[in-house]
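Read-outs throughout are calculated quantities, based only on the coordinates presented, and are distinct from any laboratory measurement. Note that the coordinates shown come from a computational prediction; the quantities given were computed from them, not determined experimentally. Methodologically, a virtual Cβ is constructed for each residue, glycine included, from the backbone with ideal geometry; neighbour enumeration extends over all protein chains shown.
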Amino acid sequence: MIKKTFNLLTFVTLCVLIINSFFIYPSADDFSYFVKQKSYGFWAFQEWHYFNWGGRYIANMILGSFDFNEAGLHWYRSIAVFIILGFYISLVAFTKQIIRPKDYLLTTNLMFLAYCFSLYSLSQEFYWMPGSITYTLSLILCLISWTLLEKSKNWRFFLINIILTRSAL
């Protein structure tokens with residue numbers, strides 16, 4: 001009974017988070033990335049951030065890679081959906097590696113709900129694009145990296161782990 005309750009609560013939470021992502025709009029930081037990328041061009045924007053910014057190169061590349069036209073707004077909203085689903089799926093993969101097979105889904109759902117309900121601001125975690133790309137994407141890549149590290153008996157997994165770890169920084 002408790003498993004069904006947490007499964008249902010997690011499903012409802014995921015649905016609410018995903019539905020909310022269709023109502024988000026760009027904010028101040030998003031426009032500053034857009035304007036700077038438009039004035040410099042894509043590669044000059046990346047170069048400027050590389051020499052004048054303190055890290056987060058993958059996030060800056062993603063943030064400077066789209067327009068705010070109609071297609072860009074759909075892309076902006078879909079990133080929030082990918083971040084939410086990516087976080088949940090990476091959490092499932094991670095807990096599946098470290099917890100017994102029959103208990104991993106309950107543990108994942110408990111961890112996901114505890115994480116979501118303990119956040120100071122859900123909007124900064126999932127819907128504010130600079131924050132979600134910079135911090136939540138890094139968390140997703142870190143969980144995937146730890147999952148692959150558990151499977152690192154093969155050199156390919158170890159190499160992918162190193163690449164993901166470097167891109168999460």
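A few points about this structure:
- Ordering Trp43, Trp146, Trp128 by the number of other Cβ atoms within 10 Å of each residue's own Cβ, fewest first, gives Trp43, Trp146, Trp128.
- Rounded to the nearest 20 debye, dipole of the stretch 2-168 from Cβ charges on Lys, Arg, Asp, Glu: 740
- Cα shape, the stretch 59-105, gyration tensor, a/c 1.5 rule: prolate
- Applying 1/(1 + (r/R0)^6) with r as the Cβ-Cβ distance of Tyr50 and Thr5 and R0 = 45 angstrom yields a FRET efficiency of 0.40.
- The angle between the Cα long axis of helix 42-52 and the main principal axis of the chain comes to about 80°, on a 0 to 90 degree scale.
- Estimated at 0.36 nm per residue, the fully extended path between Leu106 and Val16 surpasses their Cα-Cα distance by 30.4 nm.
- Against the main long axis of the alpha-carbon atoms of the chain, helix 104-118 sits at an angle near 50°.
- Helical content alone sets the calculated 222 nm signal of the chain at -23500 deg cm²/dmol, taking -39,500 (n - 2.57) per DSSP H segment of four or more residues and averaging over every residue.
- Using alpha-carbon coordinates, inclination of helix 2-20 to the longest axis of the chain, degrees: 10
- Here's the picture: charge each Lys and Arg Cβ at +1 and each Asp and Glu Cβ at -1 in the chain, and of Leu14, Leu63, Gln97 the one pushed furthest to the positive end of that dipole is Gln97.
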